[in-house]
Every structure is written in C-alpha cells, then in structure tokens.
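Here the structure is laid out as structure tokens; the discussion comes afterwards.
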Amino acid sequence: MRVLLVNGSPRKNGNTHEALGAVEKELLERGIETEWFQIGNNAVHGCISCGTCRGTNRCAFGKDGCNELIEKLLAADGVIIGSPVYFAGPNGALCALLDRVFYATCTYCQMFKGKAAAALVTCAWTGGTAALDRLHRYFVPCQMPIVTSGDYTVFQGDSVRNKEERSMQLIRELAGNMANQLYYGKSGVRKGDGE
Ligand SMILES: Cc1cc2nc3c(=O)[nH]c(=O)nc-3n(C[C@H](O)[C@H](O)[C@H](O)COP(=O)(O)O)c2cc1C
C-alpha cells in the first residue's frame, strides 16, 4: 500500500511539510509506504479549458508537474493533500494544478475512483476549515472516499513542530483512519484501531 503526500506549499520545509511528515511517520509505522510530490515555487499554469485532456487524460501543459502528479496518483492507493491557508483558501497555485489534474483524469473517466483521499491545512490562525472544504471538493466528484480525523485537520502555527498533543492526536487519527481505509476498505474499522 502506498500513500502519496502532496505538499502544496512553495516552502519545501515549512509547516505543511512538517504536518505531512508527522502523518508519514504514523503511516510508516502502520506498514504503509509513502511518496512525496512537492509543488515547489515555479510558475503553475491554470486550466484554459482547451479540452486536449478529454482524449489523452493528460494536460497539454506538461512541464509544471501536472502530468507527473497524475502518474504518481495513478500509482498510489491513497493521497493526502496538504496546503498552507492563503486568505481562507488553499494555495492558489495548488488549486490551479489540481483543477487540471482532476479535470484531465476524472471528469470524463473517473481514473481515481476508489482511491482513499485526505487533506490537511496549516495556518497562522483562521480560515482552515474553508480551505479544507475547498480541497475536499476535488475528491467528491471523483468518487474518492474521504478519510477524516476526529476533527478538522487544521494545524495552527508551530503546533506540529512543537508536538502539541491536540495536533498529534489528529495526526494519529488521520493516519489510523487512512490505514483502515486502505487495509479494510468498505469492511470498516477494527475496534480500537482509530488511532
Ligand atoms: C499569501 C498568504 C496568505 C495567508 N493567509 C492566511 C490566512 O488567511 N489565515 C491564516 O491563518 N494564515 C494565513 N497565512 C499564513 C500561512 O497559512 C501559514 O503560515 C502556513 O502555516 C504556512 O505554511 P507553509 O510553511 O507550509 O508554507 C497566509 C500566508 C500567506 C503567505
């Protein structure tokens, strides 16, 4: 089983990386492999609705990581997308990339159907749930089961770096629920295995 960790922050080792890294540690302990995709800080194209992807399931703009992300998603059993909160939404460049990834692969042929999906966001203070909701909207029409934690996976400031218990609990729950979804799928959660 493999989970793709998507860091949607231009800061390679910032708060979002820290939160995803903490989830990664928990996943590895549960026998799940991980792979990373970093959005980085190069320019990302928005979708121009050219329709090329209807025939190819790949984006016509292939040089900014979009098609690389599609390949990594196809090879993964699950995905966790992390983003910093920018004005109560995800990073705009991440949304530009994800619009193209999911339009190319899911709008006409549902290539990610059944892959487990989760999101987390990091912020200074507010806007986390709105940003998280925006990321969940990619998963719903793509028929990707959304994996959650015991509360919204919104991490403030240095809470993960400082290993604050509330944040670490959410991370354990997210990893535990992702593992259960991958190992047991529809058959549900083993008793006491939520964390
Ligand atoms: C353009 C911009 C907009 C931001 N907007 C918000 C916001 O609406 N709410 C908030 O709490 N933090 C906001 N922040 C702070 C970041 O969300 C926060 O520092 C985040 O943890 C950074 O993650 P990173 O280190 O992975 O890049 C903003 C930061 C930037 C650069």
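Numbers for the structure displayed
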read-out: Qualifying positions in the stretch 109-155 - of a type in the set (A, V, I, L, M) and either open to solvent by 60 Å² or more (accessible area, probe 1.4 Å) or more than 21 Å from Val85 (Cα to Cα) (or both); value: Met111, Ala116, Ala124, Val140, Met144, Ile146
read-out: Selected residue (criterion: surrounded by the most Cβ atoms within 10 Å (Cβ to Cβ)) from residues of the stretch 59-87 that are more than 23 Å from Glu24 (Cβ to Cβ) and within 16 Å of the ligand (Cβ to nearest atom); value: Tyr86
read-out: Selection within the stretch 57-103 - among the aromatic types (Phe, Trp, Tyr) and within 24 Å of Ala22 (Cα to Cα); value: Tyr86
read-out: The stretch 1-49, subset touching a residue at least 60 places away in the same chain (Cβ under 8 Å), open to solvent by less than 40 Å² (accessible area, probe 1.4 Å) and in a loop (DSSP other than H, G, I, E, B), residue farthest from the ligand (Cβ to nearest atom); value: Ile32
read-out: Selection from the stretch 124-150 of residues that are within 16 Å of the ligand (Cβ to nearest atom) and assigned to a loop (DSSP other than H, G, I, E, B); value: Ala124, Trp125, Thr126, Gly127
read-out: Residue within the stretch 104-123 that is more than 16 Å from the ligand (Cβ to nearest atom), modelled with pLDDT of 95 or more and assigned to a helix (DSSP H, G or I) present; value: yes
read-out: Any hit, the stretch 151-161, residues being in a helix (DSSP H, G or I), of a type outside the set (Phe, Trp, Tyr) and modelled with pLDDT under 95; value: no
read-out: Residue within the stretch 64-85 that is free of Cβ contacts under 8 Å to residues at least 24 places away in the same chain, closer than 28 Å to Cys123 by Cβ, not aliphatic (A, V, I, L, M) and not in a strand (DSSP E or B) present; value: no
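One line per residue, one yes/no per condition, for (1) within 15 Å of the chain's Cα centre (by Cα); (2) over 27 Å from Asn180 (Cα atoms); (3) β-branched (Val, Ile, Thr); (4) surrounded by 15 or more Cβ atoms within 10 Å (Cβ to Cβ):
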| residue | (1), (2), (3), (4) |
| --- | --- |
| Gly51 | no, yes, no, no |
| Thr56 | no, yes, yes, no |
| Gly89 | yes, yes, no, yes |
| Thr107 | no, yes, yes, no |
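The values are calculated or read from the model by the stated rules, or taken from the named source; none is laboratory data. What you are looking at is a predicted structure, and each value in this text was computed from that prediction instead of being measured. As a convention, Cβ positions derive from the backbone with ideal geometry for all residues, glycine included, and neighbour counts pool all protein chains shown. Side chains included, ligands, DNA and RNA excluded: accessible areas come from the protein's heavy atoms. Shrake-Rupley method; radii C 1.70, N 1.55, O 1.52, S 1.80 Å.
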